[in-house]
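**Student:** Here's a structure for you.
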Amino acid sequence: MNEKVSLILTTYNCKEQFVQTMCSIESQDYDNVEVVIKDGMSTDGTLDIVKKYADKFKYPVIWESSRDAGIYDAINHGIHMASGQIIGVFNDRFARNDAISMLISKVEKENSDGVHADLVYVEDDKVKRYWHMGTGKISSGWMPGHPTLFLRREVYEKYGKYDITYTCSADYEFMVRMLKDGRIRLAY
């Protein structure tokens, strides 16, 4: 279990959230991670924090700050910058410090194209919603939680990246596009 994982973080004027996210990543026990940060030219001090983390962080940090056409364009830039075999779009906190290890273990054990997990919504450290994802088929109305989705690079190479003409649902469109034919196998 040593496949490189690229975590794509998109930032724009979110310094408090960014610090929480980086602390969560740094607590992970998986050793082969790179953090790819695409910032949309923040003006609130986020960039100063990004630079500090880039200089001394547990994992390599690759970052860029430039104008983009929104979050999905930023994610696409991050995917382009990433070098890992497995890519996860991540802008929150992991529920446990062995989360990446667990996800990658499942991908390798099941020889799947990716993995997803349950989604937990937390506010002020209190669980507001626990979304048990389970497994299913998109044709039956099931959909994995995008924030928990880690995919092999080949999935993006085959199905493309996020369609930025969708300003608020490109993640949904992408998941439908890649899952509708039933060829992508996701571990849970």
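The values are calculated or read from the model by the stated rules, or taken from the named source; none is laboratory data. Quantities reported herein were computed from a predicted structural model and do not represent experimental measurements. Glycine also receives a Cβ, built like all others from the backbone with ideal geometry; neighbour counts cover every protein chain displayed. Ligands, DNA and RNA are excluded from the accessible area calculation, which covers all protein heavy atoms including side chains. Shrake-Rupley method; radii C 1.70, N 1.55, O 1.52, S 1.80 Å.
**Student:** So Met133 fits all but one of (1) within 19 Å of Ile100 (Cα to Cα); (2) touching a Leu at 6+ places or on another chain (Cβ under 8 Å); (3) modelled with pLDDT of 95 or more; (4) of a type outside the set (Ser, Thr, Tyr); what number is the exception?
**Tutor:** The one condition Met133 does not meet is (3).
**Student:** Within segment 151-165, can one find any residue that is modelled with pLDDT under 95 and in a loop (DSSP other than H, G, I, E, B)?
**Tutor:** From segment 151-165, those modelled with pLDDT under 95 are none; that's our starting set.
For segment 151-165, residues modelled with pLDDT under 95 and in a loop (DSSP other than H, G, I, E, B): absent.
**Student:** A further question follows. Determine whether Lys58 is touching a Gly at 6+ places or on another chain (Cβ under 9 Å), among the basic types (Lys, Arg) and not in a helix (DSSP H, G or I).
**Tutor:** On the way: touching a Gly at 6+ places or on another chain (Cβ under 9 Å): no; among the basic types (Lys, Arg): yes; not in a helix (DSSP H, G or I): yes.
Considered against the rule, which asks whether it is touching a Gly at 6+ places or on another chain (Cβ under 9 Å), among the basic types (Lys, Arg) and not in a helix (DSSP H, G or I), Lys58 comes out as no.
Here's the yes/no breakdown for (1) more than 22 Å from Glu108 (Cβ to Cβ); (2) among the small types (Gly, Ala, Ser); (3) touching a Pro at 6+ places or on another chain (Cβ under 9 Å):
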| position | (1), (2), (3) |
| --- | --- |
| Asn13 | yes, no, no |
| Met22 | yes, no, no |
| Ile25 | no, no, no |
| Glu34 | no, no, yes |
| Asp39 | yes, no, no |
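**Student:** Among the residues of segment 123-164, write down those that are surrounded by 11 or more Cβ atoms within 10 Å (Cβ to Cβ) and of a type in the set (Gly, Ala, Ser).
**Tutor:** Passing the criteria: Gly136, Gly145, Gly160.
**Student:** What's the total number of residues in segment 7-43 that are touching a strand residue (DSSP E or B) at 6+ places or on another chain (Cβ under 6 Å) and of a type in the set (Lys, Arg)?
**Tutor:** 1
**Student:** Across segment 63-120, what is the total count of residues that are in contact (Cβ under 8 Å) with a residue 24 or more places away in the chain, under 16 Å from the mean Cα position of the chain (by Cα), under 19 Å from Met133 (Cα atoms) and open to solvent by 60 Å² or more (accessible area, probe 1.4 Å)?
**Tutor:** The number of residues fulfilling the criteria is 3.
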